[in-house]
Protein chains: 2
Amino acid sequence: MARRFRGSEEVKVDAKGRVSIPAKFRRVFESCDPDWSTGKRPQMVIVFGTRDWKHLQLFTIEAMNEIDDSIAAMPRGSAERNLLENIYHGHAEETEIDGDGRLVLPQKLREKIGLADGAFFISAGDSLKVWTPESYAEEEQRLESLVPDFEPGADPLSLLGSASKTEG
Amino acid sequence: MARRFRGSEEVKVDAKGRVSIPAKFRRVFESCDPDWSTGKRPQMVIVFGTRDWKHLQLFTIEAMNEIDDSIAAMPRGSAERNLLENIYHGHAEETEIDGDGRLVLPQKLREKIGLADGAFFISAGDSLKVWTPESYAEEEQRLESLVPDFEPGADPLSLLGSASKTEG
DNA sequence: AGGGATGCCATGGGATTTCATGGGAAGCAA
DNA sequence: TTGCTTCCCATGAAATCCCATGGCATCCCT
């Protein structure tokens, strides 16, 4: 089964804050949860990040384990490690996908990103980002404005291998 | 059940100094108390640390046992061991979670961190930190400001692996 | 290839349980 | 007594469980 997310999807949010996880994404959560087996509920981690985040980020168990390990490998007490722990341990929640294939987003998190009627999922490698359809539209504009001076017809793959530490 | 804390939560502090331990955290205290069984009260240790601490730190019994062992393995009489004993033995208290899932914080401790109406819990690996909502907000800003080139909107994971000086 | 059956999937709703929180009354110390 | 604790109960709100339905895609049989 697939081990990475690909694609995007828009779903409804009901009055109880329930959000149906599109089946293709559910499969990824299942196969990346080491304790999962048919009939069980796939576990996952919701990272909601600091105050300014307008989205949630859903991680498979395996992806989160990798992150936990990387953080644990950083020097104790370093500012970077403290900040990462604050975000990925402090500003995160463990949950599971319910028997009907839905995720229940606690009221607090819904309010944080202004989630009401609809939720927009978009793949990001080994995690899935959740936006309101409106704020995702803004985000997309922001992203496009960041695209460097790509010559018309340039191949994005030319970026592979180049790495700068932060984005702008 | 989960053996590590994840997430954060804000709760009320009532006139009697009672603080409800959010259920997800209570489960961790239960499963990390070797003597606990259904119906019993989970034990824990409150570390309030030195004068400058603006938070309390709540440890499960198992986590505290580990710390005790590590301290016991240090050379007797060393300055480091004395300091650690002073904090984790001298400036700490054993308590339990009451039948309603609440922790009663002695007045002395509430005064120490200025706890009045609300308490903010945040996970820190195998312990839980307690702040006033106000001082936590400051702490969070401090954490962010310590990481030099962390720009708003950047992906925090870009920090993975980068490790600089320790904080003060 | 057509058409029906089957199964999966997104969505909805009612009933039940858990949870955070508030308050009264009984114990205990100063 | 007066002021803290400790125990027990009450309550509204939120979360969870369980079942229902209609649409869509897939499979299978003819």
Has region B:52-70 got at least one residue that is within 16 Å of DNA strand D (Cβ to nearest atom), at negative phi and within 14 Å of chain A (Cβ to nearest Cβ)? no
Leading residue by the ranking (farthest from the other protein chains (Cβ to nearest Cβ)) among those in region B:1-23 that are under 13 Å from the mean Cα position of the chain (by Cα) and assigned to a loop (DSSP other than H, G, I, E, B): B:I21
Only listed residue being at pLDDT below 85 and under 23 Å from A:E9 (Cβ atoms), chosen from A:E134, A:E144: A:E144
For region B:97-138, how many residues meet the condition of being outside any loop (DSSP other than H, G, I, E, B), closer than 20 Å to B:G7 by Cβ and within 14 Å of the chain's Cα centre (by Cα)? 13
Taking region A:14-64 as the region of interest, how many residues are more than 11 Å from DNA strand C (Cβ to nearest atom) and basic (K, R)? 4
Which residue pairs have Cβ atoms under 6 Å apart, sit 6 or more places apart or on different chains, and have a first residue in region A:7-22 that is over 16 Å from A:L109 (Cβ atoms) and a second that is within 12 Å of DNA strand D (Cβ to nearest atom) and charged (D, E, K, R)? A:S20/A:R102
Could you give every pair whose Cβ atoms fall below 8 Å, whose first residue belongs to region B:48-73 and is aromatic (F, W, Y), and whose second residue is at pLDDT below 95 and outside any strand (DSSP E or B), counting only separations of at least 6 or pairs across chains? B:F48/B:H91; B:F48/B:L109; B:F48/B:K112; B:F48/B:I113; B:W53/B:K112; B:W53/B:I113; B:F59/B:I67; B:F59/B:D126
Which residue pairs have Cβ atoms under 6 Å apart, sit 6 or more places apart or on different chains, and have a first residue in region B:140-162 that is free of Cβ contacts under 8 Å to residues at least 12 places away in the same chain and more than 7 Å from chain A (Cβ to nearest Cβ) and a second that is outside any helix (DSSP H, G or I) and not polar (S, T, N, Q)? none
Apart from one, (1) facing another protein chain (nearest Cβ under 10 Å); (2) among the charged types (D, E, K, R); (3) free of Cβ contacts under 8 Å to residues at least 60 places away in the same chain all hold for B:E93; the odd one out is (1)
Considering region B:104-135, residues that are away from DNA strand D (no atom under 13 Å from the Cβ) and acidic (D, E), and then whichever is nearest to B:A63 (Cα to Cα), we arrive at B:D126
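The values are calculated or read from the model by the stated rules, or taken from the named source; none is laboratory data. Everything quoted here is computed from the prediction, not taken from an experiment. Cβ: placed from backbone, ideal geometry, glycine included. Neighbour counts: every protein chain shown.
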